[in-house]
1. For the stretch 9-56 and the stretch 206-230, compute the distance between their C-alpha centroids and round to whole Å.
2. How large is the convex hull of the C-alpha atoms of the stretch 140-232 per residue, in Å³?
3. For the chain, with every protein chain kept in place, what is the accessible area per residue (1.4 Å probe, Å²)?
4. Taking 30 Å as R0, compute the FRET efficiency from the Cβ-Cβ separation of residue 41 and residue 169 and round it to 0.05.
5. For residue 24, list long-range residues whose amide hydrogen, built 1.01 Å from N in the peptide plane, is under 5 Å from its own amide hydrogen.
6. Taking just the alpha carbons, could you work out the radius of gyration and Dmax for the stretch 71-132, both in angstroms?
7. How large is the charge dipole for the stretch 11-169, taken about the Cα centre, if only the Cβ atoms of Lys, Arg (+1) and Asp, Glu (-1) carry charge, to the nearest 20 debye?
8. Rounded to the nearest 20 Debye, what is the dipole magnitude of the stretch 189-295 about its Cα centre when Lys and Arg each give +1 and Asp and Glu each give -1 at the C-beta?
Amino acid sequence: ISFTDAVAEADMEELKGQTGGAIKQIACQYEESVELEFGGRIKSVYMEIPENAEEIGTFLDLHTQEGEKIPYPGEGEAVLSAKIAENMGIKAGDRVIFRDNDMNSFTVTISGLCENFVYNYIYLSKETYEEQLSRAPEYKSAYVNVEEGADIHETAAAIADQKNVLSTSITEDMKERIETMMQSMNYIVFLIIVCAGSLAFIVLYNLTNINITERIREIATIKVLGFYANETADYVFRENLVLTGMGAVVGLGLGKWLHWFVMYNINIDMISFKTMIMPISYVWSLLLTFAFALMVNGIMYFKLEKINMAEALKSIE
């Protein structure tokens, strides 16, 4: 919730009563966009200061990218989003400077880098704010949890109708919007797979066709010697499958590097992507590669059958 004026704990109790008891927990906080400076670079982040650092743990789960819990920062410390820290080269233990809209400067030590996927935040305690500026922050925002079974949208509408409320936003709605946006990328991935599969088919088909054309006298010879159709096909296509297997193994390694390279260069300050490749992706890559190879072999099998042995073995002269 965003308020037009500063609020206190008494206002929060009144707000609970005005929403018919739908609010389960509420915690006031101070939020402001600030400029973070480090190593000669400046980036914008959201500064978050809770009124009660112990209560804020109900709403915020500060943890590293490895999942380790990060305690809320003490006086003179701050926790920063890992994405912006990576872009600016900030590590735990570094001292950074940030400025608010009134150009007041804060100097804090980064006590931890937290995992966060949308927007960038720097968290610090009210004691740090008071020590740096010699005044208490004005809390014009609040986090709210509703009671189990309560309608979130109805509660948000009831809160928005209050006199001092400027706006409300529902975290679950934002989460759904982000998930919908990410799901739309599946169509792009599918298109890439189709294009890559088509390219693999064309390359394998052309190589196999050239291979058969260049070795037509050799193939005709083994057919004359009494090789059955399947034996002749195995003789020619076994090489294709072996080379396909070798290429697939090398391609998996190069593909992993290419995936890292692409994700590294999709550098959006506000969004952090968790780069990971599931084992099933490797399995599907191998299966699709061999599926196209077998498809090509199946098509070229009929070309082997149509080879005219007498014509192929005629003297070149």
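1. Between the Cα centres of the stretch 9-56 and the stretch 206-230 lies a distance of 75 Å.
2. 178
3. Averaged over the residues of the chain, the accessible area is 62 Å².
4. 0.50
5. Amide H neighbours of residue 24: 145, 146, 147.
6. Calculated on Cα positions, Rg and Dmax stand at 11.2, 30 Å.
7. Approximately 500 debye in magnitude.
8. 60
The values are calculated or read from the model by the stated rules, or taken from the named source; none is laboratory data. In this text, all values refer to a predicted model and were calculated from it rather than measured experimentally. Ideal geometry is used to build each Cβ from the backbone, glycine not excepted, and the neighbour counts take in all protein chains shown. Note: accessible area is taken over every heavy atom of the protein model, side chains too, but ligands, DNA and RNA are not part of it. Shrake-Rupley method; radii C 1.70, N 1.55, O 1.52, S 1.80 Å.
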